[in-house]
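Read through the structure below, which is laid out as structure tokens, and then see the notes.
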Amino acid sequence: MPVGSPDTLPKETLQNVVERAEKILGYEFKDESILIKALTHPSAVEENRDAKSYERLEFLGDAFLGGIIALEIYQRFPDMNEGGMTRLKSGVVSGATLSKVSEELGFEDLIIFGESERGTNGRGMHSALENIYESIVAALVLDGGIPVAHDWIIKTLGPHITRDKAAHPSNPKSRLQEILQEHGNAPVYDVVAEDGPPHNRTLTMEVLCNGEVLGVGKGRSKKEAEAAAAQNAIEAISKEHKG
């Protein structure tokens, strides 16, 4: 993996990263800076990281990804009910699936990390691979348009859109959502604390329902913290019902 920042890495290194990424994507970028940003971990740009790393792209990509997968599920399984579609979508866009797909595609060797990540034994790689998939989606939307992003998403995630994933909730967030939906409610997640430097931060997340805190969790990324909070809430609800 390249270690440094887009401003300090040799041009040859950046060009190699771009060419390898474009080969994986099967798409040639008109604006290569968008692709470089999509592959830049926050640790590589300590100052103004929101603008120079993949974080803003990740936000945009997450929104497009969810919509495209939801549409594909709706069209592919016309007989599936809302609960099944929700479970299937959650499984397809889960962190575990996205990080696995990103690793299999070869993005692990292309993420630009900062010096602070050297010697951490890849502790944040799982989260980074998940984020990279979403930032790449956004980069494709911005540079090539929605059809380009749509085709790549279906090519890489299409094999994971299977009916069996709709049978049971695949992660704590979807399980909690299903539990609350039975009573017409929905979970709300809120970051209540952020500790540590940008490259090694820990988020504390609360999950609430109708203003009541159901669970609390911590994680290195928003999604990890949400999953931990959801699991904490599920365990609390289970104990309450048993009591």
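Bear in mind these aren't lab numbers, they're just calculated from the coordinates by the rules spelled out. Everything numeric here is computed off the predicted structure, so don't read it as measured data. Every residue, glycine among them, receives a Cβ derived from its backbone with ideal geometry; neighbour counts consider all protein chains shown.
If we count GluC sites (Glu not before Pro) as exposed when they sit in a DSSP loop and have at most 16 other beta carbons within 10 Å, what is the longest stretch of the chain that avoids them all?
Maximal segment without exposed cleavage sites: 48-181.
Can you compute 3J(HN,Hα) from phi for each residue in region 174-188, using the Karplus curve 6.51 cos²θ - 1.76 cosθ + 1.60 with θ = phi - 60°, rounded to whole Hz and x for Gly and Pro?
6, 5, 5, 4, 5, 4, 6, 5, 4, 10, x, 10, 9, x, 10
Determine the sum of side-chain charges near Lys223: Lys and Arg each +1, Asp and Glu each -1, restricted to other residues whose C-beta is under 12 angstrom from that of Lys223.
-3
Which lysines have a Cα lying under 22 Å from the Cα of Lys223, excluding residues fewer than 8 positions away in the same chain?
Reachable lysines: Lys37, Lys52, Lys89, Lys100, Lys165, Lys173.
In deg cm²/dmol and to the nearest 500, what is the mean residue ellipticity at 222 nm of the chain if only DSSP H runs of at least 4 residues count, each as -39500 (n - 2.57), divided by the residue total?
-17500 deg cm²/dmol
Indicate the gyration tensor shape class of region 122-243 (rounded, prolate or oblate), computed on the Cα atoms with a ≥ b ≥ c the square roots of the eigenvalues: a/c under 1.5 is rounded; otherwise a/b larger than b/c is prolate and the rest oblate.
oblate
Looking only at region 201-243, which residues have a backbone nitrogen under 11 Å from a spot 7 Å from the Cα of Asp190 in the C-beta direction?
206-214
Between Glu212 and Lys155, what FRET efficiency follows from the Cβ-Cβ distance if R0 is 51 Å, with the result rounded to 0.05?
0.75
In whole Hz, with x marking every Gly and Pro, tabulate ³J(HN,Hα) for region 105-112 from phi via Karplus 6.51 cos²θ - 1.76 cosθ + 1.60, θ = phi - 60°.
6, x, 6, 4, 7, 10, 6, 8
With a ≥ b ≥ c taken as the square roots of the eigenvalues of the C-alpha gyration tensor of the chain, please select rounded if a/c is under 1.5 and otherwise prolate if a/b is larger than b/c or oblate if it is not?
Oblate shape, in that a/c is at least 1.5 and b/c is the bigger or equal ratio.
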